Amino acid sequence: MQEGKIMKALSGYYYVKSGSGTYRCRGRGLFRKQNITPLVGDDVVFETVGNEEGYIKEIKERKNELVRPPVANIDQVLLVFSATHPVFKPVLLDRFLTVVESKGILPVILFTKIDLLTEEEKEKIDGYMKDYREIGYTVIAASPKKNIGIGEILPLLEGKTSVVAGQSGVGKSTLLNCLRPDLRLETNEISRHLGRGKHTTRHVELLEVGGGLLADTPGFSSLDLQDIEEEELSACFPEMRRLMDSCKFRGCLHVKEPRCAVKEALENGEIKDYRYEHYLEFLEEIKERKMRLGR
Ligand SMILES: Nc1nc2c(ncn2[C@@H]2O[C@H](COP(=O)(O)OP(=O)(O)O)[C@@H](O)[C@H]2O)c(=O)[nH]1
Ligand SMILES: [Mg+2]
Ligand SMILES: [Zn+2]
């Protein structure tokens, strides 16, 4: 018996890496019976058959898991946003942040394409970077194409399992190629998609980068707030999370309640207007879902 980590899942096989090599493994029938599907990122116990093959016998308890992309035991998500082209939309970043926070995973914010910024745009992005840093997030400005900021990213990956997430066209593949040039991932999928009118499906794989593991994902599609309850939402905003115990009412939703510490912080500028507006927008979305589904 050996212990290892599932690095890749492809055509019914799981590629498990251990201290002695990589083995192409099958899951046991038991998993199907118990309704457990092994995920990339799973730590497993497996039995080897010869030098290259094996059977997974046991999946160790997961720290967390994402459904789309299907990856387990994630330490952090690199949220990749282009500073421009396409233009930066804070509401989308806040949505990504909320989903990642709700799963208890650490987000890191990474702006790409900073080489394309005009003076005016740069000022705006600098403002946002300052805001998000004040909230407590690690924020990096980079241009993989011009090799700017890469030195800041590598140390963040060491010893961790990270997932790269972000919209199509923001520069995820370009970034990965920059972090590990031998990968030669295909870039510029936007125009290809437009041309062909459909997405190419790809497998999820953990790549060894900067002393850690990194998954480039075809997308991070599960961006609905379906697993989040109204009362849990403000905990996904660190600047609100810090104030929750100071509100007069337990379970305060920070909307119209009296003596609300979040509203006070909003008035004195400690919480940014746009962050609060996005909070309200998401809260509304969660409420609507509840009404619709009766839960
Ligand atoms: N100017 C500039 N272009 C970039 C940068 N990063 C990516 N691009 C371009 O943006 C397009 C989309 O990049 P790609 O890596 O395929 O994005 P992905 O869909 O997120 O994987 C490509 O044409 C890249 O050359 C950057 O830092 N600066
Ligand atoms: Mg790509
Ligand atoms: Zn409150």
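Taking only segment 89-124 into account, find how many residues are among the small types (Gly, Ala, Ser) and either over 16 Å from residue 285 (Cβ atoms) or modelled with pLDDT of 95 or more (or both).
Pass one, segment 89-124, residues among the small types (Gly, Ala, Ser): 102, 104.
Filter once more, keeping what is either over 16 Å from residue 285 (Cβ atoms) or modelled with pLDDT of 95 or more (or both): 104.
Result for segment 89-124: 1.
Say we look at segment 183-204 and pick out the residues that are assigned to a loop (DSSP other than H, G, I, E, B) and within 26 Å of residue 65 (Cβ to Cβ); which of these is modelled with the lowest pLDDT? That would be 199. Residue 268 meets each of the listed conditions (1) surrounded by 15 or more Cβ atoms within 10 Å (Cβ to Cβ); (2) modelled with pLDDT of 85 or more; (3) among the polar types (S, T, N, Q) apart from (1).
The one condition from (1) acidic (Asp, Glu); (2) closer than 30 Å to residue 174 by Cα; (3) surrounded by 13 or more Cβ atoms within 10 Å (Cβ to Cβ); (4) modelled with pLDDT of 80 or more that residue 208 does not meet is (3). Candidates in segment 15-39 are the residues that are at pLDDT 95 or above and of a type in the set (Val, Ile, Thr); of these, the one that is farthest from residue 70 (Cα to Cα) is 22. Within segment 100-155, the set of residues being farther than 20 Å from residue 185 by Cβ, crowded, with 16+ Cβ neighbours inside 10 Å and of a type in the set (Gly, Ala, Ser) comprises 102, 141.
Taking segment 281-295 only, how many residues are charged (D, E, K, R) and closer than 17 Å to residue 91 by Cβ? Quick ask: steps written out before the conclusion?
Of the residues in segment 281-295, the ones charged (D, E, K, R) are 281, 284-285, 287-290, 292, 295.
Of the ones still in play, those that are also closer than 17 Å to residue 91 by Cβ are 281, 284-285, 288.
Total satisfying the criteria: 4.
The set of residues in segment 133-170 that are assigned to a helix (DSSP H, G or I), away from ligand 1 (no atom under 13 Å from the Cβ), in contact with a Gly (Cβ under 9 Å, 6 or more places away or on another chain) and over 25 Å from residue 98 (Cβ atoms) comprises 154, 155. Please verify whether segment 73-80 includes one or more residues that are within 24 Å of residue 153 (Cβ to Cβ), in contact with a Lys or Arg (Cβ under 9 Å, 6 or more places away or on another chain) and of a type in the set (Asp, Glu). Checked against the condition, which is being within 24 Å of residue 153 (Cβ to Cβ), in contact with a Lys or Arg (Cβ under 9 Å, 6 or more places away or on another chain) and of a type in the set (Asp, Glu), segment 73-80 yields at least one hit. Can we say residue 251 is away from ligand 3 (no atom under 16 Å from the Cβ) and modelled with pLDDT under 95? The answer is no for residue 251.
Of all the numbered requirements in (1) outside any strand (DSSP E or B); (2) without any contact (Cβ under 8 Å) to a residue 40 or more places away in the chain, residue 107 misses one, and that requirement is (1). Cβ-Cβ contacts under 7 Å between residues 6 or more apart (or on different chains), taken from a first residue in segment 171-182 that is assigned to a helix (DSSP H, G or I) to a second residue that is of a type in the set (A, V, I, L, M) and within 8 Å of ligand 2 (Cβ to nearest atom), are listed as 173/185; 176/185; 177/185.
Residues in segment 71-100 that are touching a residue at least 60 places away in the same chain (Cβ under 8 Å) and within 11 Å of residue 167 (Cα to Cα): 79, 80, 81, 82, 86, 92, 96.
Quick test for you: out of 97, 92, 79, pick the one residue that is touching a Pro at 6+ places or on another chain (Cβ under 8 Å), surrounded by 14 or more Cβ atoms within 10 Å (Cβ to Cβ) and assigned to a helix (DSSP H, G or I). It is 97.
The values are calculated or read from the model by the stated rules, or taken from the named source; none is laboratory data. The structure displayed is predicted, hence computed values, not measured ones. Positions of Cβ are backbone-derived with ideal geometry, glycine not excepted, and every protein chain shown enters the neighbour counts.
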